[in-house]
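The values are calculated or read from the model by the stated rules, or taken from the named source; none is laboratory data. Computed from a predicted model, the values in this text were never measured in an experiment. Counting neighbours? That spans all protein chains shown, and the Cβs are built from the backbone with ideal geometry, glycine included. For accessibility, only protein heavy atoms count, side chains too; no ligands or nucleic acids. Shrake-Rupley method; radii C 1.70, N 1.55, O 1.52, S 1.80 Å.
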Amino acid sequence: MAQENTSTGTPAPHPVPHALGGSGHAAPPVPPAEPHPARWGRVDEEGTVYVTTADGERAVGIWQAGTPDEGLIHYARRFDDLRTEVELLETRLASGAGDPKHALSSATQMRDGLADAAVVGDLAALGARINEVIAHAEKSLASAKQEREEARSAAVTRKQALAEEAEKLAAESTQWKSAGDRLRTILDEWKSVKGVDRKTDDELWKRFSKAREAFNRRRGSHFAELDKQRATAKTRKEELIVEAEKLAESDDWGDTAGRYKDLMNDWKAAGRAPKDSDEALWQRFRAAQDKFFARRSAAFNERDAEFTDNAAKKEELLIDAEKIDPAVNLEAAKNQLRKVQERWDEIGKVPRERIRDLDLRLKTVQDKVKSAEDNKWRRTDPEALARAAQFHERVAHFESQAAKARAAGDERRAKKADEQAAQWREWLEAAENAVADR
């Protein structure tokens with residue numbers, strides 16, 4: 001919002017923004033003329049109004065409607081109006097909302113008319129500001145031109161790529177539906193790509209149009225040949241239906257389901273029968289499949305109920321198994337575990353999603369019993385006990401040697417024997433600890 005000028009009671013112009021992006025150096029701010037118009041002009045005794053310029057004074061009008069001060073303020077306000085127009089151009093250019101071409105035209109008109117403008121104010125500062133707006137507008141126009149050229153180049157590149165893709169599809173593809181769909185998509189995209197010059201666009205369009213025509217010819221030939229094959233396809237599908245209807249009564253769930261999968265692959269490979277019979281053939285084939293899989297589903301539901309009951313029985317068995325304590329009586333624990341394992345196998349299968357957690361719980365019990373059994377064996381391992389006894393003898397041997405050497409006054413030999421005894425003592429302690437840990 002404009003602030004009020006306290007000396008005149010009129011709104012003061014908005015402050016001039018800083019330099020626009022892209023100009024060399026910021027033009028100095030343009031001071032408002034209305035607060036102190038006498039800085040830039042005067043009114044002589046005859047009422048002629050002058051503005052001060054770099055080349056001296058220039059008459060801008062006649063004022064006889066009031067006092068000289070009022071005349072200066074009038075022409076200063078006109079200057080500030082012009083200043084505000086420049087500010088608006090600056091602001092719109094800086095924000096990107098302004099049209100650079102319009103801004104350049106407006107600013108150029110202002111600059112060209114500044115030498116004859118009937119205003120009083122800092123014309124030099126305003127001229128510099130206008131020049132800055134012009135420079136920015138010219139740069140924006142150049143940038144827009146470059147962007148248009150880049151967009152044109154990108155559009156040409158895209159249409160070239162689309163034409164090349166269409167030519168490749170026309171020459172190589174045998175996926176008639178997907179390729180045809182893709183060509184239609186390419187056409188839609190082609191229409192959306194703008195900015196290509198007419199000559200280039202016509203050349204590229206001829207390539208694309210020629211590719212579409214070639215593809216359509218190849219596809220037409222293919223389907224003409226396909227019509228000849230449809231009678232054979234009908235015969236083949238009738239054979240598949242006969243087998244599918246026989247298999248519908250099978251109880252060999254796994255192999256039969258696999259065979260139905262093979263039959264489906266054969267059905268697809270057979271191709272389409274004549275249009276008037278293909279759907280009816282499919283309904284017969286599908287009905288045979290549905291009958292078998294409905295029977296299998298009922299059987300599986302019954303089996304799943306049994307598996308769920310088995311899982312509940314195994315959970316009950318685990319409650320007793322997890323109470324087994326090999327630390328109290330290892331042999332009793334082994335016998336209990338053996339009975340649990342036998343019962344586990346008797347119960348049978350459980351739902352697939354329960355197998356892992358139930359087996360893991362049983363394995364935990366098995367590992368506990370096995371660990372206890374292994375620890376018992378290690379504690380009675382004769383080799384470990386013999387090794388510890390041997391280390392003990394070596395310690396005693398070297399301690400005896402050290403004592404004899406020290407008694408004979410041979411401290412060097414005594415010290416060496418002490419070191420050897422210490423080494424064997426460390427090994428002895430390690431061996432004893434290993435036995436104890438078992």
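Of Ser153, Ser105, Ser400, which is the most mobile in a GNM of the chain whose springs link Cα atoms less than 10 angstrom apart?
Looking only at Ser153, Ser105, Ser400, the largest GNM fluctuation is found for Ser400.
Place +1 on the Cβ of every Lys and Arg and -1 on the Cβ of every Asp and Glu in the range 234-334, take the dipole about the Cα centre, and give the residue among Trp253, Phe307, Ala273 whose Cα lies farthest towards its positive end.
Ala273
For the range 304-365, just the Cα atoms, rotate onto the principal axes and tell me the three extents in Å, largest first.
That works out to 39, 18, 13 Å along the principal axes.
Just grab the label-to-label distance for Glu316 and Arg184, each label 7 Å out from Cα along the Cβ direction, in nm (one decimal).
According to this spin-label approximation, the distance is 6.4 nm.
List the lysines whose Cα sits under 23 Å from the Cα of Lys234, skipping any in the same chain fewer than 8 residues away.
Lys177, Lys246, Lys261, Lys268, Lys275, Lys291
If you put +1 on each Lys and Arg Cβ and -1 on each Asp and Glu Cβ, how big is the dipole of the chain around its Cα centre, in Debye rounded to 20?
Roughly 2420 debye for the chain.
Using only alpha carbon pairs under 8 Å that are at least six residues apart, calculate the relative contact order of the range 248-398 and give it in whole percent.
23 percent
Determine the principal axes of the Cα atoms in the range 152-211, then give the extent along each, sorted from largest to smallest and rounded to whole angstroms.
So the extents along the principal axes, rounded to whole Å, are 34, 17, 15.
Please get the size of the charge dipole for the range 238-392, origin at its Cα centre, with Cβ charges of +1 on Lys and Arg and -1 on Asp and Glu, quoted in debye to the nearest 20.
For the range 238-392, the charge dipole is close to 740 debye.
Of Leu141, Leu93, Leu428, which is the most mobile in a GNM of the chain whose springs link Cα atoms less than 10 angstrom apart?
Fluctuation is largest for Leu428.
Scan (1) 94, 59, 26; (2) 35, 26, 21; (3) 40, 23, 21 for the value of semi-axes √(5λ) of the Cα gyration tensor in Å calculated from this model and give just the label.
(1)
Can you give the accessible area of Arg286 in Å² (nearest 10), computed on protein heavy atoms with a 1.4 Å probe?
Number for this one is 110 Å².
Considering the chain as a Gaussian network with a 10 Å cut-off on Cα pairs, which listed residue, Ala422, Ala54, Ala170, attains the greatest mean-square fluctuation?
Looking only at Ala422, Ala54, Ala170, the biggest GNM fluctuation is shown by Ala422.
Would you mind getting me the FRET efficiency between Arg338 and Arg286? Use the beta-carbon distance for r and R0 = 56 Å, nearest 0.05.
The formula returns an efficiency of 0.60 here.
At 7 Å along the Cα-to-beta-carbon direction for both Asp227 and Arg92, put a label point, then send me their distance in nm to one decimal.
Result: 6.6 nm between the two label points.
At 1.4 Å probe size, with no ligands or nucleic acids counted, give the accessible surface of Thr48 in Å², nearest ten.
The accessible area of Thr48 comes to roughly 20 Å².
Starting from the Cα coordinates of the range 116-198, work out the convex hull volume and express it per residue in Å³.
122 Å³
Hey, what D do you get for the range 131-247 in µm²/s if you plug the Kirkwood alpha-carbon radius into Stokes-Einstein at 25 °C and 0.890 mPa s?
135 µm²/s
Taking 8 Å as the Cα distance limit and 6 or more residues as the minimum spacing, I'd like the relative contact order of the range 109-213 as a percentage.
So the answer I get is 34 percent.
Give the aspartates and glutamates reachable from Lys139 as a straight Cα distance under 19 Å; neighbours fewer than 8 places away on the same chain don't count.
Candidates past the 8-residue exclusion: Glu87, Glu90, Asp99, Glu147, Glu149, Glu150.
What is the spread of the Cα atoms of the range 338-431 along each of their three principal axes, largest first, in whole Å?
Cα spread of the range 338-431 along its principal axes, largest to smallest: 82, 23, 10 Å.
Rank Trp205, Trp176, Trp377 by accessible area, highest first, at a 1.4 Å probe radius?
The ranking, largest first, comes out as Trp377, Trp205, Trp176.
What number results when the radius of gyration of the range 225-280, computed over Cα atoms, is divided by 2.2 N^0.38 Å?
Normalised Rg, Cα atoms only: 1.25.
Between Glu331 and Gln109, how many nm apart are label points set 7 Å from Cα along the C-beta direction?
11.8 nm
Need one value: the accessible area of Arg207 in square angstrom, 1.4 angstrom probe, rounded to the nearest 10.
Answer for Arg207: close to 80 Å² accessible.
Could you tell me the relative contact order of the chain? Use alpha-carbon pairs under 8 Å, at least six residues apart, and round to a whole percent.
Relative contact order of the chain: 9 percent.
When the helix-only estimate is applied to the chain (DSSP H runs of n ≥ 4, each -39,500 (n - 2.57), divided by the residue count), what is the mean residue ellipticity at 222 nm, nearest 500 deg cm²/dmol?
Per the formula, -26500 deg cm²/dmol.
Grab the beta carbon distance between Lys261 and Ala151, set R0 = 45 Å, and tell me the FRET efficiency rounded to 0.05.
The value I calculate is 0.30.
Straight distance only, please: which lysines reach the Cα of Lys323 with their own Cα at less than 16 Å, same-chain residues fewer than 8 apart left out?
List returned: Lys314, Lys334, Lys339, Lys363, Lys368, Lys370.
Radius of gyration and Dmax for the range 183-330's Cα atoms, expressed in Å?
Gyration radius and largest Cα-Cα distance of the range 183-330: 30.1, 99 Å.
May I ask you to order 114-125, 60-71 by the average number of other C-beta atoms within 10 Å around their residues, highest value first?
114-125, 60-71
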